[in-house]
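Colleague: Dropping a structure here in C-alpha cells format, bear with me for questions.
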Amino acid sequence: MPEVDLAILGGTVVTPAGRRSANIAVDGGVIRSVGSERPAARRNVDATGLLVMPGGVDTHVHLMDPGSTDREDFPTGTSAAAAAGVTTIVEHSHGQPVRTVDDLRAKRDYLAGRSNVDFGLAAHAWPGQTDVAGLWAAGVSFFKVFTCTTHGVPGHSAAALRDHFEASALAGAVSLVHCEDESLTEAAEMLLRDQGRRDPGLLLDWRSVTAELVAVAVAALLVRRTGARATIAHVSNQEVADYVRAERMRGARLAAEACPQYFLLREDEVHEHGSLRKFTPPARARIDDDEAQLWRLLREGVFSHMSSDHAPSTLDQKGDGDIWDVHFGLPGLDSTMSILLDAAARGHLAYEDVARVYSEAPAKQYGLWPRKGRLAPGADADLILIDPTTTRILRNEDVISKAGWTPFDSRAVSGRVVQTYLRGELVAENGIPLGAGSGRFLSGAGSAS
Ligand SMILES: [Zn+2]
C-alpha cells in the first residue's frame with residue numbers, strides 16, 4: 001500500500017458487529033483499510049489501550065441558528081458535538097424553520113463555514129402546506145411533524161397527518177413525529193390554568209403519558225396504513241415503546257427514538273429543579289428498574305437509536321418567567337455519548353450497542369449510511385478514540401454548548417473520548433474542540449445530487 005495520510009495503530013476497533021484489535025489506514029478523509037497489517041502513513045496515532053469507534057451520529061439536534069442564537073449557534077453547538085465525539089448531526093430549529101426549498105438553500109448557504117461537524121438539515125411539516133416531494137428531492141434529511149402545537153409550530157390533526165404520510169410514502173420520505181395529543185394537552189392546560197396552578201409539577205398533568213400514548217397510537221396506525229416511514233421522537237417510557245413495537249409487528253415501518261433524559265432523570269425531579277426539568281414529553285421514570293427496562297429495550301432494538309434532542313437554554317433563560325413561559329428543552333450534545341459509554345461500562349449496553357444506536361442505526365434511518373455511521377473501508381474517516389478506563393464527573397462548567405449547564409451535573413461517568421476525527425481531520429482532543437468550521441452539508445436520501 002502506498003503511504004497514506006493517517007494510521008491509527010493498535011486500538012480495539014468496535015463496530016456493531018463486534019470488536020477486534022486492528023490498524024486503520026485513512027487517506028483523503030476516507031477509511032482505506034481496517035486490519036492487522038501496519039500501513040505506512042505520514043501521521044501515526046498510537047491507540048494502544050483505546051477503543052476506536054465510529055463517530056456519533058446525532059439526528060435530533062436544535063442549534064437555533066439562524067433563529068435564537070442567544071440560546072445556541074452552529075459554531076458552539078458543533079464544538080460541543082466534536083468534543084463529545086459526535087461527527088454528524090441532523091439539525092432543525094423551530095424558531096426559523098425550513099418550510100420551503102428556498103428556505104433550505106438559504107440555510108445551507110448561511111451555514112457555510114459555521115459547522116465543526118458534518119450536518120444534514122430537516123424540514124418542518126406545516127399542516128396542508130408542505131411540498132413534501134420538492135423538499136425531499138432538494139435534500140432535507142427528514143420532515144419534523146408535530147401532532148400538537150408546540151414551540152410555535154402548528155400541530156397536525158389525524159387528517160393532516162394522513163395527508164402528510166401519504167405524500168411521504170409517495171416520495172419515499174421519512175418523518176420524525178413529536179407525539180402528544182393536541183386535544184388532551186389543550187384540555188389539561190385549560191384546567192390547570194383555571195386552577196391557578198403555577199408549580200413545576202403541573203408539567204406532569206399537562207403533558208401526560210395518556211396524551212403521548214394517544215398521539216403515538218394514531219401516528220403509528222397512520223404510518224402503517226399509508227405505507228410511510230417514520231420515527232416516533234423521544235419515546236418517554238415502556239408503555240409508549242410497546243405501542244411502537246406492536247405496530248411494527250403489524251408491518252409499520254416505524255423507528256423509536258430514545259433520549260438519555262428519559263433513562264436517567266426521574267419524574268419527581270421536576271418538583272425540585274423546576275424549569276431545568278421542563279421538556280416534553282417529561283421524564284417518567286420513577287425507580288431504577290424503570291431505567292433498567294429502558295436500557296433493555298434499547299439493547300433489544302425496540303428503541304431503534306439514541307438522540308440527544310439537544311434543545312438548549314441558558315440558566316438565565318430557564319429562570320426567566322414562570323413554568324408556563326420558559327422554553328421547553330435540555331442541552332444534550334455535550335453529554336449523550338458520555339452517558340452511552342458509561343452505560344456500557346455499567347453493563348447496561350455493550351460498546352457494540354453504542355456503535356449501533358448512536359452511529360449505524362440513525363445513519364441508516366436518515367440515508368447517511370454507508371458513508372456515515374460505519375467504520376469500514378470506503379466510509380468517511382469519522383472516528384473517535386476512547387479511553388474506557390477513565391472516570392470523570394460531568395460538570396456544568398465543562399459544558400461547551402451556550403447552555404452552560406447539564407441536567408447530569410455531578411454525575412460520575414466512565415469512559416472518555418480522547419480524540420475525534422472528522423474525515424481524517426482531528427477536530428477535538430481531550431474535550432477541547434479544535435474545529436475550524438470544516439463541517440460539510442449532507443444531502444438527505446431523496447436528493448438527486
Ligand atoms: Zn426536539
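Colleague: Would you please name the residue that is surrounded by the fewest Cβ atoms within 10 Å (Cβ to Cβ), looking only at residues in segment 404-429 that are in contact with a helix residue (DSSP H, G or I) (Cβ under 9 Å, 6 or more places away or on another chain) and assigned to a loop (DSSP other than H, G, I, E, B)?
Modeller: S410
Colleague: Can you confirm whether P97 is modelled with pLDDT of 95 or more and not in a strand (DSSP E or B)?
Modeller: When the stated conditions are applied, P97 passes them.
Colleague: Moving on to the next point. What about A363, is it within 30 Å of A41 (Cβ to Cβ) and surrounded by fewer than 21 Cβ atoms within 10 Å (Cβ to Cβ)?
Modeller: Working: within 30 Å of A41 (Cβ to Cβ): yes; surrounded by fewer than 21 Cβ atoms within 10 Å (Cβ to Cβ): no.
In short, no.
Colleague: Select from segment 377-399 the residues that are in contact (Cβ under 8 Å) with a residue 60 or more places away in the chain and of a type in the set (D, E) and write down the one among them that is nearest to R32 (Cα to Cα).
Modeller: If we take residues in segment 377-399 being in contact (Cβ under 8 Å) with a residue 60 or more places away in the chain and of a type in the set (D, E), then D380 is nearest to R32 (Cα to Cα).
Colleague: Ok, one more. Name the pairs: first residue in segment 221-238 and within 24 Å of A445 (Cα to Cα) and assigned to a helix (DSSP H, G or I), second residue among the small types (G, A, S) and within 16 Å of the ligand (Cβ to nearest atom), Cβ to Cβ under 8 Å, at least 6 apart or on different chains?
Modeller: V223/A230
Colleague: One residue is enough: does segment 205-223 have a residue meeting the conditions over 23 Å from R277 (Cβ atoms), of a type in the set (D, E) and surrounded by fewer than 24 Cβ atoms within 10 Å (Cβ to Cβ)?
Modeller: no
Colleague: Given D205, D268, D289, which one is away from the ligand (no atom under 16 Å from the Cβ) and within 20 Å of L349 (Cβ to Cβ)?
Modeller: After applying the criteria, what remains is D289.
Colleague: Filter segment 246-260 down to the residues that are of a type in the set (K, R) and either in a strand (DSSP E or B) or surrounded by fewer than 18 Cβ atoms within 10 Å (Cβ to Cβ) (or both) and list them by number.
Modeller: R250, R253
Colleague: Let me confirm something: among D289, D320, which residue is without any contact (Cβ under 8 Å) to a residue 24 or more places away in the chain and closer than 21 Å to G152 by Cβ?
Modeller: D320
Colleague: Look at D109 and say whether it is surrounded by fewer than 24 Cβ atoms within 10 Å (Cβ to Cβ), among the acidic types (D, E) and under 29 Å from P154 (Cα atoms). Can you show your working first?
Modeller: On the way: surrounded by fewer than 24 Cβ atoms within 10 Å (Cβ to Cβ): yes; among the acidic types (D, E): yes; under 29 Å from P154 (Cα atoms): yes.
Against the criterion (surrounded by fewer than 24 Cβ atoms within 10 Å (Cβ to Cβ), among the acidic types (D, E) and under 29 Å from P154 (Cα atoms)), D109 qualifies.
Colleague: Within segment 18-67, how many residues are modelled with pLDDT of 95 or more, farther than 26 Å from P388 by Cβ and in a loop (DSSP other than H, G, I, E, B)?
Modeller: 8
Colleague: Looking at segment 215-239 only, could you name the residues that are within 16 Å of the ligand (Cβ to nearest atom) and touching a helix residue (DSSP H, G or I) at 6+ places or on another chain (Cβ under 9 Å)?
Modeller: A215, V216, A219, A230, T231, I232, H234, V235, S236
Colleague: Restricting to segment 163-192, name every residue that is assigned to a helix (DSSP H, G or I), surrounded by fewer than 19 Cβ atoms within 10 Å (Cβ to Cβ) and touching a residue at least 40 places away in the same chain (Cβ under 8 Å).
Modeller: Residues satisfying the conditions are E166, A169, A171.
The values are calculated or read from the model by the stated rules, or taken from the named source; none is laboratory data. Note that the structure is a prediction, hence the values are computed from the model and not measured. With ideal geometry, Cβ positions are generated from the backbone for all residues, glycine too; neighbour counts draw on all protein chains shown.
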